[in-house]
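A short worksheet on the structure shown next.
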Amino acid sequence: MKIAIRASLVFLVAMLTLGASAAGGATNQALVVLAPPCCAGGAFTVQTLDGTAVGSVPVPATADPLNFAPAANGSVVYNDSSEADIATGGGGPVWLVGPGQPALELDSSPEDFDASISPDGSTVAFARLEPATGASDIYVVESDGSGLTLVASGDRTNYLSLPTFSPAGGSIAYDCTVAQSAGSSTSLGCGPVVDGSYRTTGVMLMNANGSDKRMILAGAAGEVGSMDNLSWSPDGQWLTWTGCAPTGGNPQSCVSQLFAYRTDGSDLLHERNPANQVTHFGTEQSPWHAEFSSDGAEMLFMRGVDDSGREG
């Protein structure tokens, strides 16, 4: 898989993701960036890849958006961290905003996190933490707030996170790992894999209604919160995420790199395989929060820099 890489030097606390807009029958690539990146009551700014602002979606003055994701129709979903249960690690209630429409709260739990939206803007997915065990579940809800449905359960043992819709919206990829303080449970773990067995960690795939759950990449997360995001290629055949690649032949020393894996499960045992590694940067160039471009030819990612452009 050959992909051009484009580095985006942005504020470390800003989150970056890709949207698409149609103009004259053509699909234009765009970014959605939270501005200002550090303060409540900001706005989601839509920019072309050269940095030109082409639109803006305001958020309520008291909101502090976190874990946001855009749809092609201009809607943006986010967790409002101003109402989060910070003590337990919740991200905050799920809200939806869009051009010319009032902000709508889709779910009010302070334990919600990792809000995501289908490409067409019709359906929202998010995870909800269970503080007593550190486990979490995944829910979907319609963009008008109706039809809240549990689609993946952590069974009080597994921590499920990063639900991410496929380009067609019919599937959801998500991360599964053992909860930090899991209570008693009959859960088998994460899976199943193709042979019917279960693993402690991995990237899962399911239909958007929760059916046909299966693991497509084993061992993809060693601990809760170790994966920053999942991104689908436009053709639905690849997922990318940031992993730690060993350096100098020492498995205990590693550098964050981008990896891409097939969604058909053929890369099940290829976690951190050099053949799946996309970037080969030095320590100070570590990428994070990667996204495929709208045409699949490039990946965009973030790096932390200071005002003089120095890494780290």
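Only one of (1) under 18 Å from the mean Cα position of the chain (by Cα); (2) farther than 19 Å from Tyr174 by Cα; (3) not β-branched (Val, Ile, Thr) is not met by Asn79, so which one is it?
For Asn79, the failing item is (2).
In the set Ala168, Ala84, Ala69, Ala152, which member is surrounded by 24 or more Cβ atoms within 10 Å (Cβ to Cβ) and out of contact with any Lys or Arg (no Cβ under 6 Å at 6 or more places or on another chain)?
Values: Ala168 fails: surrounded by 24 or more Cβ atoms within 10 Å (Cβ to Cβ); Ala84 fails: surrounded by 24 or more Cβ atoms within 10 Å (Cβ to Cβ); Ala152 fails: surrounded by 24 or more Cβ atoms within 10 Å (Cβ to Cβ).
Criteria check complete, one pass: Ala69.
With touching a Pro at 6+ places or on another chain (Cβ under 8 Å), β-branched (Val, Ile, Thr) and either under 19 Å from Tyr174 (Cα atoms) or modelled with pLDDT under 90 (or both) as the only criterion, which of Ile86, Ile138 stands out?
Of the residues listed, the single one that is touching a Pro at 6+ places or on another chain (Cβ under 8 Å), β-branched (Val, Ile, Thr) and either under 19 Å from Tyr174 (Cα atoms) or modelled with pLDDT under 90 (or both) is Ile138.
Do we find a residue being open to solvent by 10 Å² or more (accessible area, probe 1.4 Å), modelled with pLDDT of 90 or more and in a loop (DSSP other than H, G, I, E, B) anywhere in region 250-263?
Scanning region 250-263, I find at least one residue that is open to solvent by 10 Å² or more (accessible area, probe 1.4 Å), modelled with pLDDT of 90 or more and in a loop (DSSP other than H, G, I, E, B), so the answer is yes.
Picking from Gly100, Gly25, Gly19, which residue would you name as being at pLDDT below 90, closer than 28 Å to Trp238 by Cβ, open to solvent by 30 Å² or more (accessible area, probe 1.4 Å) and not basic (Lys, Arg)?
Working: Gly100 fails: closer than 28 Å to Trp238 by Cβ; Gly19 fails: open to solvent by 30 Å² or more (accessible area, probe 1.4 Å).
Going through Gly100, Gly25, Gly19 in turn, just one is at pLDDT below 90, closer than 28 Å to Trp238 by Cβ, open to solvent by 30 Å² or more (accessible area, probe 1.4 Å) and not basic (Lys, Arg): Gly25.
Answer yes or no as to whether Asp114 is closer than 23 Å to Ala173 by Cβ, in a loop (DSSP other than H, G, I, E, B) and at pLDDT 90 or above.
Working: closer than 23 Å to Ala173 by Cβ: yes; in a loop (DSSP other than H, G, I, E, B): no; at pLDDT 90 or above: yes.
Against the criterion (closer than 23 Å to Ala173 by Cβ, in a loop (DSSP other than H, G, I, E, B) and at pLDDT 90 or above), Asp114 does not qualify.
Quick check on my filter: what residues within region 201-227 are open to solvent by 40 Å² or more (accessible area, probe 1.4 Å) and either modelled with pLDDT of 80 or more or among the basic types (Lys, Arg) (or both)? Give the steps one after another, and end with the answer.
If we filter region 201-227 for residues that are open to solvent by 40 Å² or more (accessible area, probe 1.4 Å), which is where we start, we get 207, 209, 211-214, 222-223, 225-226.
Scanning region 201-227 gives Asn207, Asn209, Ser211, Asp212, Lys213, Arg214.
Could you please tell me which pairs satisfy a Cβ distance under 9 Å, a separation of 6+ or placement on different chains, a first residue in region 275-295 that is touching a residue at least 60 places away in the same chain (Cβ under 8 Å) and open to solvent by less than 70 Å² (accessible area, probe 1.4 Å), and a second residue that is of a type in the set (Asp, Glu) and in a strand (DSSP E or B)?
Cβ pairs passing all conditions: Phe292/Glu298.
For region 114-128, give me each residue that is buried (at least 24 other Cβ atoms within 10 Å of the Cβ) and of a type outside the set (D, E, K, R).
First, pick out the residues of region 114-128 that are buried (at least 24 other Cβ atoms within 10 Å of the Cβ): 114-118, 124-127.
Listed by number, the residues that qualify are Ala115, Ser116, Ile117, Ser118, Val124, Ala125, Phe126, Ala127.
Among the residues of region 48-95, which ones are in a loop (DSSP other than H, G, I, E, B) and hydroxyl-bearing (Ser, Thr, Tyr)?
Initially, region 48-95 is screened for residues in a loop (DSSP other than H, G, I, E, B), giving 48-52, 59-64, 71-75, 84-93.
Scanning region 48-95 gives Thr48, Thr52, Thr62, Ser75, Thr88.
Does region 129-144 hold any residues that are over 21 Å from the mean Cα position of the chain (by Cα) and either over 18 Å from Thr177 (Cβ atoms) or open to solvent by 10 Å² or more (accessible area, probe 1.4 Å) (or both), and which are they? Outline the logic, then answer.
Kept after step one, since they are over 21 Å from the mean Cα position of the chain (by Cα), are these residues of region 129-144: 131-133, 144.
Matches in region 129-144: Pro131, Ala132, Asp144.
The values are calculated or read from the model by the stated rules, or taken from the named source; none is laboratory data. Because the structure is a prediction, the values reported are computed rather than measured. Every residue, glycine among them, receives a Cβ derived from its backbone with ideal geometry; neighbour counts consider all protein chains shown. Side chains are part of the model used for accessible areas, which takes the heavy atoms of the whole protein and leaves out ligands, DNA and RNA. Shrake-Rupley method; radii C 1.70, N 1.55, O 1.52, S 1.80 Å.
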